[in-house]
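Accompanying notes for the structure given below.
The values are calculated or read from the model by the stated rules, or taken from the named source; none is laboratory data. From a predicted model like this one, the values you see are computed outputs, not experimental measurements. Here Cβ is always computed from backbone atoms with ideal geometry, including for glycine, and neighbour counts include all displayed protein chains. Remember, those area values only see protein heavy atoms, side chains included, never the ligands or the DNA or RNA. Shrake-Rupley method; radii C 1.70, N 1.55, O 1.52, S 1.80 Å.
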Amino acid sequence: MNGFKTVNMETTVSFTEKKSVFIGTARIVSTPDEAKERLAEIKNAYSDATHNCWAYITGINGGVRMFSDDGEPSGTAGAPICNVLEKRGLTNILVVITRYFGGIKLGAGGLVRAYSACTAQLIEACGEKEYCIGSCGVFHTSYQNRQLLERLLLEKSATITNREYGDNVSITASFAGEWDVMYPYLKERIYDDLEGEYLGVAYIDIGE
């Protein structure tokens with residue numbers, strides 16, 4: 001079962017080093033485009049800061065990794081942030097460390113330690129969560145077979161996220177595994193009184 005680890009929640013922490021204030025912000029993202037959008041929002045919120053240094057990792061295997069020092073000396077901010085995320089095995093995450101300069105220079109080593117420490121504190125505050133890759137789809141059946149459909153879905157540990165009632169019943173659910181396995185399984189057991197539509201990939205929380 002393919003899986004990945006990201007943060008449990010989005011949050012912000014602050015860290016002070018020699019009068020410079022570092023503010024760490026974490027966001028859960030699934031694509032580089034989403035990371036860029038969230039990054040723009042954060043930079044806008046802290047537009048008066050001295051630096052907004054950042055790193056993001058996306059993709060199930062962490063295949064896309066980008067970072068920026070945003071004016072800090074090369075290699076002292078973006079790379080250390082990214083290194084903390086890599087060592088934790090995290091993906092689908094954006095971290096922005098905002099710095100308000102306090103008037104005392106930290107030096108290259110001090111900057112690396114400060115950005116690394118703020119990132120580590122941020123991840124501890126967020127917590128971590130394990131997910132697997134699953135599927136999401138909507139199933140249409142008659143009112144007569146609604147309870148049977150829901151029972152079969154729950155037996156497969158699916159999560160029902162929506163129900164709609166019209167000429168028939170439409171149930172949206174997400175589940176671990178492939179659509180091409182789940183859909184035939186359900187269709188066979190509901191005696192062809194079932195139609196379905198694959199909605200896309202779902203990230204399934206597999207807990208601690």
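Points worth noting:
- Equivalent-ellipsoid semi-axes of the range 1-104, from the Cα gyration tensor, Å, largest first: 24, 13, 12
- In angstrom, the C-alpha Rg and Dmax of the range 142-187 are 10.4, 29.
- Inter-part distance, the range 1-42 to the range 98-147, computed on C-alpha centroids, equals 6 Å.
- Averaging 1/r over every pair of different alpha carbons in the chain and inverting the result gives a Kirkwood radius of 19.2 Å.
- For the range 5-118, accessible area per residue (1.4 Å probe, heavy atoms of protein chains only), Å²: 45
- Residues in the range 1-35 that a label on Tyr100 would reach, taking backbone N under 15 Å of a point 7 Å out along Cα→Cβ: 13-25
- Most positive-pole-ward Cα, Trp54, Ser170, Asn92, against dipole of the chain from beta carbon charges: Trp54
- Spin-label model, Leu154 to Met9: label points 7 Å out along the Cα-to-beta-carbon direction sit 2.8 nm apart.
- Counting 0.36 nm for each residue step from Thr50 to Gln147 and taking away their Cα separation leaves a gain of 29.1 nm.
- Karplus (6.51, -1.76, 1.60) ³J(HN,Hα), θ = phi - 60°, over the range 116-133, in Hz, Gly and Pro reported as x: 5, 5, 5, 5, 4, 4, 4, 5, 4, 5, 6, x, 10, 9, 9, 10, 10, 8
- Residues in the range 16-42 that a label on Arg113 would reach, taking backbone N under 11 Å of a point 7 Å out along Cα→Cβ: 18
- Computed over the range 7-165, relative contact order equals 29 percent, with contacts defined as Cα pairs under 8 Å that lie 6+ residues apart.
- Straightening the chain between Lys187 and Asn83 buys 32.7 nm, computed as 0.36 nm per residue apart minus the Cα-Cα spacing.
- Length gained on full extension, Glu124 to Ile206, computed as 0.36 nm times the residue gap minus the Cα-Cα distance: 27.6 nm.
- Ellipsoid semi-axes in whole angstrom, largest first, where each is sqrt(5λ) of the Cα gyration tensor of the range 60-182: 49, 14, 12
- Gaussian network model of the chain, springs between alpha carbon atoms under 10 Å - residue of Asp167, Asp70, Asp48 with greatest fluctuation: Asp167
- Cα-based shape type of the range 30-74, given that a ≥ b ≥ c are square roots of the gyration tensor eigenvalues and the cut on a/c is 1.5: oblate
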